[in-house]
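Below is one structure, written out as C-alpha cells; comments come after it.
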Amino acid sequence: MIKVLLSDFSDVLLFTRVSSYNGSLNALHARQAINPNYLFFDYFALNQELLEFYQEVKEKNQLKIVMYTSGLVQETPELKQYLDPIFDQVFSAGKVDKPKHERESYVWLAKELAVKTDEILFIDDSELNSEAAGQAGVHAVQYISNEQVMKEVTK
C-alpha cells in the first residue's frame with residue numbers, strides 16, 4: 001500500500017517559460033536571481049493542475065506528500081504559499097548529500113519517512129532517477145504528463 005507520494009520539483013511541478021532554455025531550472029534561477037529586477041514568474045510556471053491533484057490526494061487518501069529534488073529553487077519565497085500547504089517534507093539531494101541517481105538514496109529516504117521502500121510512489125522526469133528508485137524497491141514513474149501521473153496515483 002502506498003503511504004508516500006514522493007515528487008520531483010523541476011520539470012514535474014515547475015517549468016520554464018523560456019522556450020529556448022533546456023538546462024537546469026536551478027541554474028536558470030540562480031543566474032536570474034542576481035538581477036534586482038528579477039521576477040520569478042516571468043521565467044517559471046507552476047504546474048497548478050498537478051499541485052491541485054497532489055493536494056486532493058493528500059486530503060482524500062491521507063498520503064504523505066514529500067518533495068525530493070536536486071537543487072534549491074523550491075525555496076524561492078514566491079513559491080512558499082503554493083508549496084507549504086501541500087508538502088509535508090522537502091528533501092534537497094544537495095542538502096542531504098543523497099544523489100537522486102543512486103539506489104541507496106531511496107533506501108535512506110524510506111528510513112527517514114518511516115516507511116518501506118515499496119510504500120513510496122516516486123514521480124520524476126529523469127529516467128536515471130526513476131531507475132535508481134525502482135532498484136531500491138520504490139514504485140517509480142517517469143513523468144511524461146499530468147494525466148499519466150494522475151492515473152498512476154489513483155490505481
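Every read-out reported here was derived from the displayed coordinates using simple, explicitly stated rules and does not represent laboratory data. All of these numbers come straight from a predicted model, not from anything done at the bench. Positions of Cβ are generated from backbone atoms using ideal geometry, with glycine treated the same way; all protein chains shown enter the neighbour counts.
Looking only at residues in segment 57-70 that are of a type in the set (S, T, N, Q) and part of a loop (DSSP other than H, G, I, E, B), the one that is farthest from Ala140 (Cα to Cα) is Gln62.
Quick one: is Ala114 surrounded by 18 or more Cβ atoms within 10 Å (Cβ to Cβ) and among the small types (Gly, Ala, Ser)? In short, no. Among the residues of segment 97-132, those identified as touching an Asp or Glu at 6+ places or on another chain (Cβ under 8 Å), among the aliphatic types (A, V, I, L, M) and closer than 21 Å to Leu51 by Cβ are Leu121, Ile123. Of the residues contained in segment 71-82, none is found to be touching a residue at least 12 places away in the same chain (Cβ under 8 Å), among the charged types (D, E, K, R) and under 22 Å from Ala136 (Cα atoms).
Among the residues of segment 47-56, none qualifies, meaning not one is surrounded by 11 or more Cβ atoms within 10 Å (Cβ to Cβ), out of contact with any Phe, Trp or Tyr (no Cβ under 9 Å at 6 or more places or on another chain) and not in a helix (DSSP H, G or I).
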